[in-house]
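Colleague: Input: one structure, supplied below.
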Amino acid sequence: MSMVWPCPLTAGAYASMGRAVKVPRPECPSCSSPVVFWSGYWRHVRWQERERKIFIPRVRCRGCGVSHALLPAFVLARRLDAAESVGLVIGQVAAGACGVRRAAAAVGVPHTTARGWVRRFTVRAGELAVSFSALAVELGGEAACLLLDPLRSAVVAIGAAFTAAAGLPGWAALGRWRFACAVTGGSLLAANASSPFLVIGRRRFMPPRSR
Ligand SMILES: [Zn+2]
């Protein structure tokens, strides 16, 4: 399982710190027990056409024994490219600013990779639009005005939730795509992720619904 923490570092700064990155110790998302740091693993992240090796610490819950990888908010689970690259492409395409090919070239990723992101995101766009709009309201913001185009609606709703969250400590500096990555537990592009939720302090917004 993965948890995402609101990391404000650039990918380069994070990578250069190796294993020394200071990661806040979370509570177990399943049972709220304390966790202990428990090894970790190396993976790659690509940002601005550069691939870097980064260390992902793991924690293990003392209560239920489940271990979680603590992903910095600029990476998505099982995706090489940074969350911002994915977000830039999806945002541009959703806004009708350009096609996938140009958006892909602008962030330096293969066209086919970017096309895969847009397809995957579009499949879940309706659900994401509703969830992020509800999250915006829970955070005291305004409901996003949902549009006929689900892709656009999802991007607008993520923006509305981010605007509402930006008033909370630590989130404003992250930008909307790291925020969206954190809310979805790194699974913004996953086929069958649980519904988005967000843990701030001890409050859990929108707990995942079982289906
Ligand atoms: Zn636990």
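Colleague: So the check is Cβ under 7 Å with 6+ separation or different chains; which pairs have a first residue in the range 138-164 that's over 16 Å from GLY175 (Cα atoms) and a second one that's assigned to a loop (DSSP other than H, G, I, E, B)?
Modeller: GLU138/MET206; SER153/LEU146; SER153/LEU147
Colleague: Another question about this same structure. Of the conditions (1) without any contact (Cβ under 8 Å) to a residue 60 or more places away in the chain; (2) within 24 Å of GLY175 (Cβ to Cβ); (3) open to solvent by 50 Å² or more (accessible area, probe 1.4 Å), SER30 satisfies every one except a single condition; which number is it?
Modeller: Failed condition: (2).
Colleague: With respect to the numbered conditions (1) basic (Lys, Arg); (2) farther than 25 Å from ALA104 by Cβ; (3) loosely packed, with under 13 Cβ neighbours inside 10 Å, which one is the sole condition not fulfilled by ARG58?
Modeller: If we test ARG58 against (1) basic (Lys, Arg); (2) farther than 25 Å from ALA104 by Cβ; (3) loosely packed, with under 13 Cβ neighbours inside 10 Å, just (3) comes out false.
Colleague: Name the helices (runs of 4 or more DSSP H) wholly within the range 71-185 that hold at least 3 residues that are at pLDDT below 90, surrounded by fewer than 17 Cβ atoms within 10 Å (Cβ to Cβ) and charged (D, E, K, R)?
Modeller: none
Colleague: Can you give me the number of residues within the range 19-75 that are touching a Pro at 6+ places or on another chain (Cβ under 7 Å) and of a type in the set (Phe, Trp, Tyr)?
Modeller: Result for the range 19-75: 1.
Colleague: Condition first: closer than 19 Å to MET17 by Cβ and either at pLDDT below 95 or within 18 Å of the chain's Cα centre (by Cα) (or both). Now tell me which residues in the range 51-70 satisfy that.
Modeller: The answer is ILE54, PHE55, ILE56, PRO57, ARG58, VAL59, ALA69, LEU70.
Colleague: Filter the range 21-37 down to residues that are outside any loop (DSSP other than H, G, I, E, B) and modelled with pLDDT of 90 or more and give me whichever is farthest from the ligand (Cβ to nearest atom).
Modeller: Once the filter is applied, the top-ranked residue is PHE37.
Colleague: OK, next. How many residues does the range 1-20 contain that are under 25 Å from ALA103 (Cα atoms) and within 16 Å of the ligand (Cβ to nearest atom)?
Modeller: The total comes to 0.
Colleague: Additional query: Collect the residues in the range 38-61 that are within 16 Å of the ligand (Cβ to nearest atom), in contact with a Phe, Trp or Tyr (Cβ under 8 Å, 6 or more places away or on another chain) and either touching a residue at least 60 places away in the same chain (Cβ under 8 Å) or of a type outside the set (D, E, K, R) (or both), keeping them in residue-number order.
Modeller: If the condition is that a residue be within 16 Å of the ligand (Cβ to nearest atom), in contact with a Phe, Trp or Tyr (Cβ under 8 Å, 6 or more places away or on another chain) and either touching a residue at least 60 places away in the same chain (Cβ under 8 Å) or of a type outside the set (D, E, K, R) (or both), then VAL59 is the only one that fits.
Colleague: Only one residue in SER67, SER85 is within 16 Å of the ligand (Cβ to nearest atom) and polar (S, T, N, Q), so which one is that?
Modeller: SER67
The values are calculated or read from the model by the stated rules, or taken from the named source; none is laboratory data. Nothing here was measured: the structure is a model prediction, and the numbers come from that model. Reconstructed Cβ throughout: ideal geometry from the backbone, glycine too, with neighbour counts over all protein chains shown. Side chains are part of the model used for accessible areas, which takes the heavy atoms of the whole protein and leaves out ligands, DNA and RNA. Shrake-Rupley method; radii C 1.70, N 1.55, O 1.52, S 1.80 Å.
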